[in-house]
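The values are calculated or read from the model by the stated rules, or taken from the named source; none is laboratory data. Note that the coordinates shown come from a computational prediction; the quantities given were computed from them, not determined experimentally. Ideal geometry is used to build each Cβ from the backbone, glycine not excepted, and the neighbour counts take in all protein chains shown. Remember, those area values only see protein heavy atoms, side chains included, never the ligands or the DNA or RNA. Shrake-Rupley method; radii C 1.70, N 1.55, O 1.52, S 1.80 Å.
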Amino acid sequence: MPIIETRFEALTTYASQDWFYLKNDLNKSWALYLRRPGELRWIERPIDGLPLYNDYVPVEGLAMAGDGAKVPIDPIDVPIPPVAKDDPLPAITFHATGYLRYAFERTRLVKGAPDAPLNPAARVQVQAEGRPARDSQLLAFDDTRHTDESGIVRFRWAASPEALAAMSQPSRLVFEVAGEMVELAGDAWTPPADGSFRAIGPASAGVGVRVVAVQEDLKLNGGRVSVAIMDLQTPEGVVRRWVFDDPRLSRDMRPGQNPDPKAPPENLAPTVKTRFVAGMVNTPVTLVAGPDPAQLTVIDGADGVMRTRRAAVGEKLPLAQGITITVTEFMARAIVERRPFIVPNQQRMKDARERFAMALVQAPTGEAAWLPWHEYAFERPEDVLRGRDLNPTVMRMPDGSEIEMLFSRQRLALPSPIALERFEIAAHDGGFTGETSTIRDYVSLLRFGDGKGGWSEAQQVSVNAPVEHGDLWYFQAQWDPPDEGGGAVAPSLGLNYTVLGVGSRHGVVMQLVGCIIAVAGMLYAFYVKPVIKRRALQRQKAEATMRSKPAAAMVMLMALLVGAVADQARADGDAGMTPSDRFRTQLDLTPLEQCAVMSEGRIKSVGSLAATCRTSPAPSACRVMRRACVSRPPSPCWTWRCGPRPTSTPMWCT
């Protein structure tokens, strides 16, 4: 009969969103978020003046660069003062002293001080014949990094000469039953197929053993242990015994009973004494550091023959089957150093935007830390969207307290909270197959809060169908696609959240007016103005042609008159006057200045053309004036000669 608890009540509500984040497009919107450890709410501090594209590092040693590039040393100092009334540090101003556009944190091991904690680290190069060498950095005390990728080399630490000697021997179980010593090596640990017990000691003792499991070199409470789990058959019954290489941890229990690490060890079969001697681990090569911090030993059993050799940094050690190993670096007291690595330009993703940006923030104490960029300032780990991070940086303040910091972008409060009712995909014929090409549209069903605890009716938002609410427009921007996962990331079917773009239509009328003016201007410049110019040019040419006909007749008439007057003056002239003087006294050329002539595509009068010829050595003007000289040799005519300066010297026409 089911048990019903009538007093139990569960309420569910929408996980609404109350903020929207600004983009680093037209204006930079960097922000620093602060909160005390244990609090949820972030307090924003805008960062005004932080760069967007170039890299800025204040001093050497704060960043790494690849491919032989140099770290750009260019310090900046951007103050980040408090602006909110509830800022957790109202009297402290932080400073941004560095910025990296595209970088990520990289760790490396460096040699520690003589008093640094023991942390053996070695860089080992394994090379097989005809294959490229593989380089691995191994840590003896790190379960995830004590063996190279190929599984050939295992790195261990020996605290004593006895521990080093045991590592060159296979692991074994030692039993003492009724004064008789029995040893079982690894090949004898496999239980019989029928699950029976293996007899040990005198037959009269009636003792048998069945090895259930063996785990070697386990990390336990900051140390490393090996354990063998076995069932002991005694005249009193069957006992489950856990035998550790540290006898203080060994204990007995009844079959089916779970071990209690807090309970004192219990010996249910005192007549059977057991000991587990841990030896060589199940790898072809074991690299051992210690017991001297500068000592390295290689235990090689790859070809079935156990060999123990001393190793030195840089020495190549041949193994079986054409394999060689080389210890290229060794540090007994290695410390982990974390610094940002500047990614070369040719290796950067073009659409990454500020996803890999980092800012160097300095506190008044002088302590500084590189803060990676976060797309959103999540408050709780359960709020983090798939593919995003929440890794606050903790910094100590002058008063000894700690503060959590987050480098992100500025945000503004929404007019009303927004909740996602459901996310749908409109697919082409055949349905959604997981490929983006099969998607026809993305649809989000949204609800808007009314400020009184209620919600509006669900409204559809898609890529090309935005919705307006409270003077803001919402449109579909991103979505949660299915993900196969990988490593420690579990697969996901997607469709868990939606990302909306937020915009406004303020100033849209002015934008439309500007577009209309621009279009009208282009129509006038490319279609109307050329027609007007072409018609004006045709009209000017026609007028010039009409004026040039009477002008030509007038020029001819004046030329004849000049010739007649010149002949008469030469026949009747005074002997005391020169021909030039008689010409100037008898001839008035003023009417000739009003005649129109065409020069260099423009219509000019003869007087204007003469003035041009005086000031500029224009060959075309000279040619026109020469045509105006109608007298023939040896009769001189009054003309202008083109040159650096005007002159009125008589010149014979040619």
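Return the residues of segment 183-194 that are open to solvent by 30 Å² or more (accessible area, probe 1.4 Å) and within 22 Å of Gln215 (Cα to Cα); say none if nothing qualifies.
Within segment 183-194, Glu183, Ala185, Gly186, Asp187, Trp189, Thr190, Pro191, Pro192, Ala193 qualify.
For segment 232-280, name all the residues that are among the aliphatic types (A, V, I, L, M), touching a Pro at 6+ places or on another chain (Cβ under 9 Å) and without any contact (Cβ under 8 Å) to a residue 60 or more places away in the chain.
The answer is Val238, Val239, Leu249, Met253.
I need every pair where a residue in segment 114-134 that is closer than 22 Å to Arg156 by Cα has its Cβ under 8 Å from the Cβ of a residue that is assigned to a strand (DSSP E or B) and open to solvent by 100 Å² or more (accessible area, probe 1.4 Å), sequence separation at least 6 or different chains.
Listed pairs, sorted by first residue: Gln125/Arg134; Val126/Arg134; Gln127/Arg134.
Looking at (1) at pLDDT below 90; (2) open to solvent by less than 100 Å² (accessible area, probe 1.4 Å); (3) closer than 21 Å to Ile439 by Cβ, which is the only condition Glu484 fails?
Every listed condition holds for Glu484 apart from (2).
For segment 313-331, name all the residues that are without any contact (Cβ under 8 Å) to a residue 40 or more places away in the chain and small (Gly, Ala, Ser).
Once the filter is applied, which keeps residues that are without any contact (Cβ under 8 Å) to a residue 40 or more places away in the chain and small (Gly, Ala, Ser), segment 313-331 yields Gly314, Ala320.
Condition first: open to solvent by less than 40 Å² (accessible area, probe 1.4 Å) and closer than 30 Å to Ile323 by Cβ. Now tell me which residues in segment 248-290 satisfy that.
Val277, Ala278, Gly279, Met280, Val281, Thr283, Val285, Thr286, Leu287, Val288, Ala289, Gly290
Might you let me know whether segment 120-128 holds any residue that is open to solvent by 70 Å² or more (accessible area, probe 1.4 Å) and within 26 Å of Ser226 (Cα to Cα)?
yes
Conditions tested, residue by residue: (1) farther than 22 Å from Ile335 by Cβ; (2) among the hydrophobic types (A, V, I, L, M, F, W, C).
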position	(1), (2)
Lys111	no, no
Gln127	yes, no
Phe141	no, yes
Asp148	no, no
Ser168	yes, no
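I'm told Ala294 meets every condition in (1) in a loop (DSSP other than H, G, I, E, B); (2) among the aliphatic types (A, V, I, L, M); (3) open to solvent by less than 50 Å² (accessible area, probe 1.4 Å); (4) at pLDDT 85 or above except one. Can you identify the failing condition by its number?
Of (1) in a loop (DSSP other than H, G, I, E, B); (2) among the aliphatic types (A, V, I, L, M); (3) open to solvent by less than 50 Å² (accessible area, probe 1.4 Å); (4) at pLDDT 85 or above, only one is false for Ala294: (3).
Looking at Ala116 and the list (1) surrounded by 12 or more Cβ atoms within 10 Å (Cβ to Cβ); (2) assigned to a strand (DSSP E or B), which single condition is not satisfied?
So Ala116 meets the others, but not (2).
Quick check on segment 134-150: of everything there that is among the small types (Gly, Ala, Ser) and at pLDDT 85 or above, which residue is nearest to the chain's Cα centre (by Cα)?
Filtering segment 134-150 for residues that are among the small types (Gly, Ala, Ser) and at pLDDT 85 or above, the one nearest to the chain's Cα centre (by Cα) comes out as Ser136.
Scan segment 62-98 residue by residue and report those that are small (Gly, Ala, Ser) and open to solvent by less than 40 Å² (accessible area, probe 1.4 Å).
Within segment 62-98, Ala63, Ala65, Gly66, Ala84, Ala96, Gly98 qualify.
Which strands (runs of 3 or more DSSP E) does segment 357-451 wholly contain that include 2 or more residues that are free of Cβ contacts under 8 Å to residues at least 60 places away in the same chain, open to solvent by less than 70 Å² (accessible area, probe 1.4 Å) and of a type in the set (Gly, Ala, Ser)?
So the answer is 411-427.
So, of the residues in segment 233-247 that are open to solvent by 30 Å² or more (accessible area, probe 1.4 Å) and more than 22 Å from Pro170 (Cα to Cα), which turns out to be modelled with the lowest pLDDT?
Top of the filtered list is Glu236.
Just give me the residues in segment 152-181 being open to solvent by less than 30 Å² (accessible area, probe 1.4 Å) and farther than 14 Å from Gly290 by Cβ, in sequence order.
Val153, Arg154, Ser171, Leu173, Val174, Phe175, Val177
Would you check which residues across segment 12-48 are within 23 Å of the chain's Cα centre (by Cα), assigned to a loop (DSSP other than H, G, I, E, B) and not small (Gly, Ala, Ser) and list them?
Leu22, Lys23, Asn24, Asp25, Leu26, Asn27, Lys28, Ile47, Asp48
Against the condition buried (at least 20 other Cβ atoms within 10 Å of the Cβ), within 30 Å of Met397 (Cα to Cα) and among the β-branched types (Val, Ile, Thr), how does Val327 come out, does it pass?
no
Of all residues being over 14 Å from Leu360 (Cβ atoms) and part of a loop (DSSP other than H, G, I, E, B) in segment 55-69, which is modelled with the lowest pLDDT? Just the residue, please.
Asp67
Looking at segment 477-526, which of its residues are assigned to a loop (DSSP other than H, G, I, E, B), more than 22 Å from Ala427 (Cα to Cα) and touching a residue at least 12 places away in the same chain (Cβ under 8 Å)?
Of everything in segment 477-526, those that are assigned to a loop (DSSP other than H, G, I, E, B), more than 22 Å from Ala427 (Cα to Cα) and touching a residue at least 12 places away in the same chain (Cβ under 8 Å) turn out to be Ser504, Arg505.
Take the residues of segment 129-161 that are of a type outside the set (A, V, I, L, M, F, W, C) and outside any loop (DSSP other than H, G, I, E, B): which is nearest to Phe244 (Cα to Cα)?
Ranking the qualifying residues of segment 129-161, first place goes to Arg156.
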